[in-house]
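The values are calculated or read from the model by the stated rules, or taken from the named source; none is laboratory data. What you are looking at is a predicted structure, and each value in this text was computed from that prediction instead of being measured. Neighbour counts run over all protein chains shown; Cβ positions are idealised from the backbone, glycine included. Calculation scope for accessible area: heavy atoms of the full protein, side chains included, ligands and nucleic acids excluded. Shrake-Rupley method; radii C 1.70, N 1.55, O 1.52, S 1.80 Å.
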Amino acid sequence: MTALVVHRLMTGSACLLLILLLLRAVLTVDPYFDTFAYHLPFAARLSGICPESCFRMGEYLEAAYDGFPKLFHGLQGLVWRITGLAQAVDVLNVGALVLFCLFLRRWYRVPLAWAFCGLVAVPLIQIHATSTYIDLPSNLAVAVAILALPVLARAPEAFGWRKLAIIIACLGFAANNKLQLWGVVGPLWVLFGIIAFVSLASGRRVGPFIPGRRASWLGLLCLLMFTGAVVGAKLVDNAIAHGNPFYPVRLALLGFVLDGTIDALGPDQASLAETWRSVPSPLRWLASVLEMGAYDYRQLPWTYDQGYCETALSWKDCWRPVSASFRMGGYFVPYVLSLVIFLGWRLASQLREDRGVLIATFVGTTLLVCLLPRSHELRYYLFWMIALVALCLIVVFDQRDSAIRAGAKASTLLGLIIMVALTSVLFLTQGRYVTPIGPNVTTVIDTLGVKDRVAAIPDGAVACVDTSWQPFTFLFAPVFHPGRSYTILDGQVGPCNVVVHPRNQ
């Protein structure tokens, strides 16, 4: 198979996949647990579509609303308000994926189709591309920041205001979206500052900052302080409001306690099998990447959270005892190993300076991710797999004129790896996550019989919905039942004059 044929196959596949994913994002709602538990409620409250007088969550999620960064939820609420469709918020994830591909094209000359297919071949990325979950866009932003650092290290003089703005925006975007990424964005911000200061100190221009000028040193310092303020805005807000920068996370170190409702350092019994609790975090991460025993008991090889259920609609019906596969895997290990081997092969042919920077990028990203809390849950830290795919594309296409000229042997081999992985994942999942056929919000409400229960709630009432309805209690809110006006409480979290009985009654 020639490089030209592979390139055309990649282009056609990317166009088809993009159309299918956009249709799926618009026409269906992802029926996953956190979508209804808090992603859509957060978006609705932030946009004013459904304020607290419309729907109030349980104590745990109300604390999360107070303490979690919610930038992307605000964007979701904006899309919901503009379109009038709750399910339309999923197009933001597809859009984030396309923007990342444009970044690779602009900064590293990677063809759009190759980047898109290479990423969608990863099961968890394919699943979350049409999801309300915020893991994918947040990690794409982190990956941009990671991949911007080699450009800064190799050619700081070309790192102008536009590129500086992009890396700052991505660090701020990730930090203000997802709690777990504070431990990633902080080190990246520090590394960004170190590279910039070392470059300037060694006599190299850093974009607009010229060595030897006091104003440049002051300007760079102000820029880094501004970046820190953008990254740490929610930390400061939490410290003022709750006395804990990381609220609602509880941290207890060396006898010093920051109180909260979530214990981030201890292994979560609900997200880790007994098999792995005594295993150090880096080894748990490695076992998860290698998908060791990661396929037992699951309806499909990969699900939205690597739990046992494909959807929250069947959450209680498919419950089973936790095994070693629970919350493990999600990258498709043959794809991972093929890319790692390919990257090693291609790095050997790079110039020494470029090779050192790219190796440092991959090794540093790996060391960072394996030390993070709950790193075995790969969807939290997708940036590692995104960076691996991107680096493989970069060592083929960077500083090349086109995909077809980018070293026939290397581009053909990488194209075959991507296409085999993509085809395998689509076959093993039966195309479930790219098929634009599935439930929308209305059909979920009808399937659960919510309308009949809502009909018994008088206007002006405050209704407590039994927790057996979770995560679908939000679907009782009047925002989904036009013409109605009442308040829904997720469980007995306050006084109410109407009780919605359990699902089986």
**Complete:** Along segment 56-68, Karplus-curve 3J(HN,Hα) (6.51, -1.76, 1.60; θ = phi - 60°) to the nearest Hz, with x for Gly and Pro, reads 10, 7, x, 4, 4, 6, 5, 5, 5, 4, 5, x, 6
**Asked** Counting pairs of alpha carbon atoms under 8 Å apart in space and at least six apart in sequence, what relative contact order in percent does segment 386-494 give?
**Response** 18 percent
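Order 9-16, 27-34, 242-249 from most to least packed using the mean count of other Cβ atoms within 10 Å.
Output ranking for 9-16, 27-34, 242-249: 27-34, 242-249, 9-16.
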**Asked** For segment 204-246, what Kirkwood radius comes out of the mean inverse Cα-Cα distance, in Å?
**Response** 12.0 Å
**Message:** For the full complex of protein chains and a 1.4 angstrom probe, list 163, 234 by accessible area with the highest value first.
**Reply:** 163, 234
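So with the 1.4 Å probe, I'd like the accessible area per residue for segment 164-281, rounded to whole Å².
Details: 5880 Å² over 118 residues.
Heavy-atom accessible area per residue stands at 50 Å².
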**Fill in**
Burial-style ranking of 205-217, 320-332, average other-beta-carbon count within 10 Å with highest first, yields 320-332, 205-217
**Complete:** Summing -39500 (n - 2.57) over every DSSP H run of at least 4 in the chain, dividing by its residue total and rounding to the nearest 500, the 222 nm mean residue ellipticity is -17000 deg cm²/dmol
**Asked** Of all DSSP beta bridges in the chain, what percent run antiparallel (nearest 5)?
**Response** 25 percent
**Prompt:** Taking only protein heavy atoms and a 1.4 Å probe, what accessible area per residue, in Å², does segment 328-458 have with all protein chains in place?
**Reply:** 42 Å²
**Request:** Between the alpha-carbon centers of segment 36-62 and segment 192-223, tell me the distance in whole angstrom.
**Result:** 44 Å
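Once Rh for segment 121-250 is found with the Kirkwood sum over Cα pairs, what is the Stokes-Einstein diffusion coefficient at 37 °C and 0.692 mPa s, in µm²/s?
Details: Rh = 15.9 Å.
It comes out at roughly 207 µm²/s.
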**Asked** From Cα coordinates alone, what are the radius of gyration and Dmax values for segment 52-115 in angstrom?
**Response** 16.7, 50
**Message:** Keeping every protein chain present and rolling a 1.4 Å probe, give me the accessible area per residue for segment 65-150 in Å².
**Reply:** 24 Å²
**Fill in**
The Kirkwood hydrodynamic radius of segment 297-456, taken as the inverse of the mean 1/r over all distinct Cα pairs, in Å, comes to 18.9 Å
**Prompt:** Can you put 345, 107, 302, 319 in order of accessible area, largest first, using a 1.4 Å probe?
**Reply:** 319, 345, 107, 302
**Request:** At a 1.4 Å probe radius, which order do 275, 227 fall into by accessible area, largest first?
**Result:** 275, 227
**Request:** Under 13 Å from the Cβ of residue 77, count the other residues' Cβ atoms, weight Lys and Arg +1, Asp and Glu -1, and hand me the total.
**Result:** +3
**Message:** Can you compute the radius of gyration and Dmax for the chain, using only the Cα atoms, both in Å?
**Reply:** 23.6, 76
**Request:** Enter the angle in degrees (range 0 to 90, nearest 10) between the Cα long axis of helix 408-428 and the first principal axis of the Cα atoms of the chain, meaning the one along which they spread out most.
**Result:** 10 degrees
**Asked** How much net charge surrounds residue 148 when only the other residues with a Cβ under 14 Å from the Cβ of residue 148 are counted, with Lys and Arg +1 and Asp and Glu -1?
**Response** +3
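Sorted by mean Cβ packing within 10 Å, highest first, what order do the peptides 423-433, 172-182 take?
Answer by packing, highest mean first, reads 172-182, 423-433.
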**Request:** For every other residue with a beta carbon closer than 13 angstrom to the beta carbon of residue 203, add +1 if it is Lys or Arg and -1 if Asp or Glu, then tell me the sum.
**Result:** +2
**Complete:** Expected vector for segment 169-185, Karplus 3J(HN,Hα) from phi with 6.51, -1.76, 1.60 and θ = phi - 60°, integer Hz, x for Gly and Pro, equals 4, 5, 5, x, 4, 5, 5, 9, 10, 9, 4, 4, 7, 4, x, 9, 5
**Message:** Can you compute the radius of gyration and Dmax for segment 103-158, using only the Cα atoms, both in Å?
**Reply:** 13.1, 39
**Request:** Roll a 1.4 angstrom probe over the protein heavy atoms and tell me the percent of accessible area of the chain that is carbon or sulfur.
**Result:** 64 percent
**Message:** Please list 3J(HN,Hα) in residue order for segment 90-101, calculated via the Karplus relation 6.51 cos²θ - 1.76 cosθ + 1.60 where θ = phi - 60°; whole Hz, with x for glycine and proline.
**Reply:** 5, 5, 5, 5, 4, x, 5, 5, 5, 4, 5, 4
**Prompt:** If you project the alpha carbons of segment 301-383 onto the principal axes, what extent comes out on each, in Å, largest first?
**Reply:** 56, 25, 20
**Prompt:** Across bins of 5 angstrom width beginning at 0, how are the C-alpha pair distances of segment 26-141 distributed, in whole percent?
**Reply:** 2, 12, 20, 21, 17, 13, 8, 4, 2, 1, 0
